[in-house]
Ligand code: HEM
């Protein structure tokens, strides 16, 4: 039978592997400067569109990679200075990624419902980061933990979205879906799933790494 500690470790490993995998998959295409490698359509008439995607995707992939290690209790206990430095890199990357995401959403050619989802996600990202940062500046460790779990859950929506896109593309033909149907539904569903799952764990206090 699996113990709660073992279950927590399995959950942490699943999050870490999928986050690192999506970050490693996402970043190379946007390090080349070659807009033809972009995985989403870029508006050719709007030069800042590609720039906003690159300045969003690169720091966002970095923070997705850093996040799981910030929740590893043993690492935090053994290397508190590393936790602080990595935390600052995470927050600065998030600030750059969130502001660029607002621009990328404005330039997006994927439609109004997608744009609204990304505006709300950016706002939630900035708000939860602000709460997490101000809590730790006041020495409120439990509140810091809760807000940073919420913040990372929003970051993890990027992973959930890519899984949903894969599933959507797999059933595209039989269900007669357009890419835009899949992308719009996937964007909203990924936010909902990430928020509900993180709140579920938060109301069961000892169920994830503390
Ligand atoms: C949670 C807050 C996030 C917001 C608000 C956000 C917002 C956006 C927006 C607006 C776009 C352009 C979409 C379009 O034009 O249709 C985009 C694309 C992208 N985002 Fe994010 N994003 C977030 C998190 C992340 C994270 C954590 C990653 C890490 C992998 C990431 C990686 C990317 C990549 C690589 C693209 C380009 C499209 C692709 O290659 O799949 N985003 N994001």
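When you check residue 52 against the structure, is it crowded, with 18+ Cβ neighbours inside 10 Å and without any contact (Cβ under 8 Å) to a residue 40 or more places away in the chain, yes or no? Considered against the rule, which asks whether it is crowded, with 18+ Cβ neighbours inside 10 Å and without any contact (Cβ under 8 Å) to a residue 40 or more places away in the chain, residue 52 comes out as no.
Does the range 34-44 contain any residue that is within 13 Å of the ligand (Cβ to nearest atom), surrounded by 18 or more Cβ atoms within 10 Å (Cβ to Cβ) and part of a helix (DSSP H, G or I)? No; the residues of the range 34-44 include none that is within 13 Å of the ligand (Cβ to nearest atom), surrounded by 18 or more Cβ atoms within 10 Å (Cβ to Cβ) and part of a helix (DSSP H, G or I). Checked against (1) surrounded by fewer than 18 Cβ atoms within 10 Å (Cβ to Cβ); (2) within 16 Å of the ligand (Cβ to nearest atom), residue 172 passes all but condition (2). Every listed requirement among (1) surrounded by fewer than 19 Cβ atoms within 10 Å (Cβ to Cβ); (2) assigned to a helix (DSSP H, G or I); (3) away from the ligand (no atom under 16 Å from the Cβ) is met by residue 144 save one, (1).
With respect to the conditions (1) away from the ligand (no atom under 15 Å from the Cβ); (2) touching a helix residue (DSSP H, G or I) at 6+ places or on another chain (Cβ under 8 Å), residue 89 lacks only one, and its number is (1).
Among the candidates 147, 125, the residue that is modelled with pLDDT of 95 or more and more than 28 Å from residue 39 (Cβ to Cβ) is uniquely 147. Residues of the range 126-140 that are more than 14 Å from the ligand (Cβ to nearest atom) and out of contact with any helix residue (DSSP H, G or I) (no Cβ under 8 Å at 6 or more places or on another chain): 130, 134, 137, 138, 139, 140.
Among the candidates 105, 77, 123, 47, the residue that is over 18 Å from residue 160 (Cα atoms), surrounded by fewer than 17 Cβ atoms within 10 Å (Cβ to Cβ), near the ligand (Cβ under 10 Å from one of its atoms) and free of Cβ contacts under 8 Å to residues at least 24 places away in the same chain is uniquely 123. You will find that of 150, 162, the residue that is in contact (Cβ under 8 Å) with a residue 60 or more places away in the chain, part of a helix (DSSP H, G or I), within 13 Å of the ligand (Cβ to nearest atom) and touching a helix residue (DSSP H, G or I) at 6+ places or on another chain (Cβ under 9 Å) is 162 and no other. Report yes if residue 115 is modelled with pLDDT of 95 or more and more than 25 Å from residue 20 (Cβ to Cβ), otherwise no. Yes, satisfied.
The values are calculated or read from the model by the stated rules, or taken from the named source; none is laboratory data. Because the structure is a prediction, the values reported are computed rather than measured. Because the Cβ atoms are built from the backbone with ideal geometry, glycine has one as well, and the counts that use them run over all protein chains shown.
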